[in-house]
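Enquirer: Supplied in structure tokens, the structure appears directly below.
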Amino acid sequence: MRAILMLVLTNLAILATVSIVWSVAGAITGKPLGGAGFHDGIGTVLLACAILGFTGAYVSLLMSKFIAKWSTRLKTITGHEGSREAWLVSTVERLAQRAGIRTPEVGIYEGAPNAFATGAFRNSALVGVSTGLLETMPKEEVEAVLAHEVAHIANGDMQTMTLVQGVFNTFVYFFARLAGHFVDRVVLKNEDDAPGAGYWITNVIAQIFFGILATLVLMAYSRHREYRADWGAAELMGRATPMQQALGTLLRMQSGSGLPASMAAMGINGEKMLALFSSHPPLESRIERLDGFGR
């Protein structure tokens, strides 16, 4: 229910903001902003952009478990396969109970030390753990990593990330079209009913530019949710030390996420990318932030 309310309020905020921008742009150009992709008015254009923006984001969310299983070749487990699998399933079940969510599916995949959580719903999620993580960390550190992933699920991070992505997509599509219209009608003085080359070229360039700006903000939010999930893991464990030790282990053997590029933002491990474009904060910073737990 909260997610639906957020979606409604967000779209209302977009409508109000764009309406203001639309009116100001019309006043500056001295003419109503019609034509060149805006024949049917602002409402229709905004609706089309919102459909484009949110449809892709939410389809990806709904397919996230399937994509995760397919891209990592993950094998789901029930706990009956062996002692290691029994411990994993029981640990995730216990952490999920503490977090107040239904036990997610649990799976193991071959790869470098990492783990991830995904799924469209809090009570129908998936936690994946790599063989590298299980083979290099003691159980207490593995439990801390599992707690981190359960915290992501309990916080609704996948759903919120999708909502934010949909909002940004809508803004990118809409303002790219607005920029194309401005160049085509105002700068190039195109009076034809159909949009000219200036509209289409500007639209593509503006989508790239606005997309980069949106990515910067989206990655900043992603880094924030990683700090919050670390803190959530400490709360589920009752202390921060296991999470700090797990992050320290990852730091010592850091050599990439070991996840496909499409899955990198879901993982626990850090990234060696330009800081502003990274979905995860530096591991050193995450360890330091946990020093304040319990104070």
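The values are calculated or read from the model by the stated rules, or taken from the named source; none is laboratory data. Since the model is a prediction, treat every value here as computed from it, not as a measurement. FYI the Cβ positions are ideal-geometry reconstructions off the backbone, even for glycines, and counts take in every protein chain you see. The accessibility values were calculated without ligands, DNA or RNA, using every heavy atom of the protein model including side chains. Shrake-Rupley method; radii C 1.70, N 1.55, O 1.52, S 1.80 Å.
Enquirer: Mind listing the Cα extents of segment 56-195 along all three principal axes, in Å, largest one first?
Expert: Its Cα atoms span 73, 30, 22 Å along the three principal axes.
Enquirer: Oh, and also: So, in nm, how far is label Gln245 from label Asn123 when the simple model puts each one 7 Å beyond its Cα toward the Cβ?
Expert: Distance between label points: 3.5 nm.
Enquirer: Over segment 140-237, one equal point on each Cα, no solvent: what is log10 I(q)/I(0) by the Debye formula at q = 0.16, 0.19 Å⁻¹?
Expert: For segment 140-237, the Cα-only Debye profile gives -0.72, -0.86.
Enquirer: Is any residue of segment 59-90 close enough, with backbone N under 15 Å, to a label point placed 7 angstrom from the Cα of Lys139 along the Cα-Cβ axis, and if so, which?
Expert: In segment 59-90, the label zone of Lys139 (backbone N under 15 Å from the point 7 Å along Cα→Cβ) covers 82-90.
Enquirer: Let me ask something additional. Want the number for Thr131 to Ile205: 0.36 nm per residue separation, take away the alpha-carbon distance, what's left?
Expert: On the way: separation 74, 0.36 × 74 = 26.64 nm, distance 4.27 nm.
Contour length minus the Cα-Cα distance gives 22.4 nm.
Enquirer: Accessible area of segment 172-215 with a 1.4 Å probe: how many percent of it is carbon plus sulfur?
Expert: Working: 1730 of 2410 Å².
Carbon and sulfur together cover 72 percent of it.
Enquirer: Cα gyration tensor of segment 85-144, axes a ≥ b ≥ c as square roots of the eigenvalues: rounded (a/c below 1.5), prolate (a/b > b/c) or oblate?
Expert: Values: a/c = 2.30, a/b = 1.46, b/c = 1.57.
It is oblate, given that a/c is not under 1.5 and a/b is not larger than b/c.
Enquirer: Continuing with this model, one more query. Packing-wise, with mean Cβ within 10 Å as the measure, how do 166-173, 208-215, 281-288, 224-231 rank, highest first? Each step should come with its number before you reach the end.
Expert: Working: 166-173: 22.5, 208-215: 15.1, 281-288: 17.6, 224-231: 19.6.
Top of the packing list down: 166-173, 224-231, 281-288, 208-215.
Enquirer: If r is the Cβ-Cβ distance from Ser90 to Ala220 and R0 is 30 Å, what FRET efficiency results, to the nearest 0.05?
Expert: The value I calculate is 0.25.
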